[in-house]
Amino acid sequence: MSDTLAALDQLKADILKANTCPELAETATQLVMGHGNSNADIVFIGEAPGKNEDLQGIPFVGAAGKFLDEMLAEAKLVRSDIYITNIVKYRPPSNRDPKPEEKRAFWPFLVRELQIIKPKLIVTLGRHSMEYFLPNAKISLAHGQPKRVVFGDTKLVIMPLYHPAAAIYNRDLKQTLLDDFAGVPSVMTQLKTA
Ligand code: URA
């Protein structure tokens, strides 16, 4: 097993050992860890698993995931090119929004996950994952605009996008998300050649 995969396994073991969000753990089927290419330059971060993710143990496999796959395909990307994870790694009951204390409890583990993957670009999906990287940003203004940030001891770029689940049933938001998503490959190219 590669060092990266071993570190991700250890991360999962540590989340379980720390008894992170025991109330969520009780109602959820399982912990849903990140998925995809652990050597990826680009990481997508959502909010929390939904029903299908909870059952299958993989992020973004439900309706929002299908829409995400379509946008990835437009950008000539597939899941195995990227790594995808959530800030909160247990399904909140009835898909309610994750609570601030749940996001806080999982945040140090997300930081470790990113230290393991070492992406150049982080695409946040929805405001819950954006708020930790761009604390003063409003998604209605910040969406689609890449921002350079210093994260720990590394410099990387955050690209905040609307959450695909919010855009599925809202035509205007959907078009905005499609337009923003179309900018992802050129940000990646700039970062690779920088
Ligand atoms: N929405 C999310 O934020 N994450 C998932 O894994 C699925 C839906």
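Scanning the range 125-161 for residues that are under 20 Å from S186 (Cα atoms) and within 12 Å of the chain's Cα centre (by Cα) yields L125, I158, M159, P160, L161.
From the list G46, G34, the lone residue that is more than 9 Å from the ligand (Cβ to nearest atom) and within 17 Å of I15 (Cβ to Cβ) is G34.
If only residues of the range 53-82 that are aliphatic (A, V, I, L, M) and away from the ligand (no atom under 12 Å from the Cβ) are counted, the one that is surrounded by the most Cβ atoms within 10 Å (Cβ to Cβ) is I82. Residues of the range 5-42 being polar (S, T, N, Q) and in contact (Cβ under 8 Å) with a residue 12 or more places away in the chain, which ones? Within the range 5-42, T20, T27, T29, Q30, N37, S38, N39 meet the criteria. Of the residues F60, F44, the single one that is part of a loop (DSSP other than H, G, I, E, B) and among the aromatic types (F, W, Y) is F60.
Each reported figure results from applying straightforward, stated rules to the coordinates on display, with no laboratory input. Computed from a predicted model, the values in this text were never measured in an experiment. When we count neighbours, we look across all protein chains shown, and the Cβ atoms used for this are built from the backbone with ideal geometry, even at glycine.
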